[in-house]
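Down below is the structure, laid out as structure tokens.
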Amino acid sequence: MADAGGWRPPRPCEAYRAEWTLCRSARHLLHHYYVHGERPACEQWRRDLASCREWEERRSAEAQRSLCESERARVQATRKHALVWTLRQSPPADWHLPLPQEEKDQ
Amino acid sequence: MAGAAGGPQQQQQQQPQPQQQQQRVACQVFPERRAQGGSGQGLLSSVFSNDQGCQRLLLKTLQTNPYVKLLLDAMKHSGCAVNKERHFSCEDCNGNVSGGFDASTSQIVLCQNNIRNQAHMNRVVTHELVHAFDHCRAHVNWFTDVRHLACSEVRAANLSGDCSLVNEIFRLHFGLKRHHQTCVRDRAILSILAVRNISKEVAQKAVDEVFESCFNDQEPFGRIPHNKTYARYAHRDFQNRDRYYSNI
């Protein structure tokens, strides 16, 4: 986490509002049930929106802490499962090479 | 059927026997992938083919579809900038496969005789770009590890819209609660069987083994994009990632 001098919320407050609105929509309820078989949990987006606004208005340290904790938990949730493959350090060497047919033509 | 990771006919060096067999199966689906690799279309055949229609649909997808724009951005960020002429090829394919990713030539094959309309093109390009993205960011053993192929097919079915409620209803597959996951499993198995000479049981076992990990790996979207709104939000988050990671 960047120090207090340069810190700002990880997302603009408008993004938290948009996510909370989307989460509570009937369409999202249907999509979420179709994928997970249960209702979505939207409360955390509401809390994050409140924290973001509080930080914008009062530069609250508690709001900053709460937002960081929430977003770190989201990142952790995506890293829960070990990957099937090894990630590359650099892209495939032949990605940009001409096609073998083009090489023959040249 | 949406795309599967296709294999090449190109044989530049001695390769292990199982890999050659798998490549032969893929050749049968993508007959224009000739020995020298790349697009097989000659000048004469392109005059009479659906190539121009395919190119037109593809251009519109690349320019306007939010799923595809995010994938293109993510690939550029990973060092695999996509060039339409180099990395896409419109060809006629056997069966009812819609497309494939040829890892040996780094090309996405679009089956112009099977892609019906703009929405279908959007979905096929998204599906194949997921494979290309996986190829770009990870060491995927496409031909020697069926679990790697299974993982990419799970991700492609999950993230491309292949298994949307509407698409499943059109296929007369009716289900609601957790049906998306059933669809992803089933379509991943179908895609594997389209390009690999293995039994359904082996394909099923591979999908089962990798499902938990690969279903939950939703890069570069960070979520399952159920429609264009979700895809736009995902793209917004991707563009914001520097701010995001430097402030958590």
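The values are calculated or read from the model by the stated rules, or taken from the named source; none is laboratory data. Predicted model only: the values in this text are computed from it and were never measured. Backbone-built Cβ (ideal geometry, glycine too); neighbour counts: all protein chains shown. All accessible areas refer to the heavy atoms of the entire protein, side chains included, with ligands and DNA or RNA removed. Shrake-Rupley method; radii C 1.70, N 1.55, O 1.52, S 1.80 Å.
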Quick check for you: which residues of segment B:131-166 have the amide N under 16 Å from the point 7 Å beyond the Cα of residue A:74 toward its beta carbon? none
Rounded to the nearest 500, what is the protein assembly as shown's calculated 222 nm mean residue ellipticity when only DSSP H runs of at least 4 contribute -39500 (n - 2.57) each, over all residues? -18000 deg cm²/dmol
Just to be sure I understand the model, the point goes 7 Å from the Cα along the line to the Cβ. What's the resulting residue B:25 to residue A:86 distance in nm? 2.6
Among DSSP beta bridges lying fully in the protein assembly as shown, give the percent that are antiparallel, nearest 5. 45
Rank these by accessible area, largest first, 1.4 Å probe: B:143, B:174. B:174, B:143
At q = 0.08, 0.10, 0.12, 0.15 Å⁻¹, what base-10 log of I(q)/I(0) does the Debye formula yield for segment B:51-229 when every alpha carbon is treated as an equal point scatterer in vacuo? -0.22, -0.35, -0.52, -0.84
Residues in segment B:226-242, backbone N under 13 Å from the label point at residue B:166 (7 Å along the Cα-to-beta-carbon vector): list them, ranges by number please. B:226-230
Potential lengthening between residue B:219 and residue B:176 on full extension [0.36 nm per residue; Cα-Cα distance subtracted]: 13.0 nm
Calculate, for the protein assembly as shown, the solvent-accessible area per residue in square angstrom, rolling a 1.4 angstrom probe over the heavy atoms of the protein chains. 49
What do you get for the angle between helix A:26-36 and the principal long axis of chain A? Use alpha-carbon atoms, 0 to 90 degrees, nearest ten. 60
Under 11 Å from the Cβ of residue B:66, count the other residues' Cβ atoms, weight Lys and Arg +1, Asp and Glu -1, and hand me the total. +3
Could you tell me the convex hull volume per residue, in Å³, taken over the Cα atoms of the protein assembly as shown? 141
Once you have the Cα-Cα distance between residue A:47 and residue A:14, take 0.36 nm times their residue separation minus that, and quote the gain in nm to one decimal. 10.5 nm
For the residue pair residue B:205 and residue A:94, what label-to-label distance in nm results when each label sits 7 Å from Cα along the Cα-to-beta-carbon direction? 3.0
Which length gain, in nm to one decimal place, applies between residue B:147 and residue B:212 when the Cα-Cα distance is subtracted from 0.36 nm times their residue separation? 22.2 nm
Interface size B-A, as summed buried accessible area [1.4 Å probe, Å², nearest 100]: 4800
First compute the accessible area of the protein assembly as shown with a 1.4 Å probe, then give the percent of it belonging to carbon and sulfur atoms. 50
Pairs of Cα atoms farther than 19 Å apart, segment A:13-77, %: 38
The set of cysteines in chain A having no other cysteine's C-beta under 4.7 Å reads A:68
Based on Cβ point charges of +1 for Lys and Arg and -1 for Asp and Glu, what charge dipole magnitude is obtained for the protein assembly as shown about its Cα centre, in debye rounded to the nearest 20? 880
List the aspartates and glutamates whose Cα lies under 17 Å from the Cα of residue B:200, skipping any in the same chain that are fewer than 8 positions away. B:145, B:153, B:186, B:208, B:209
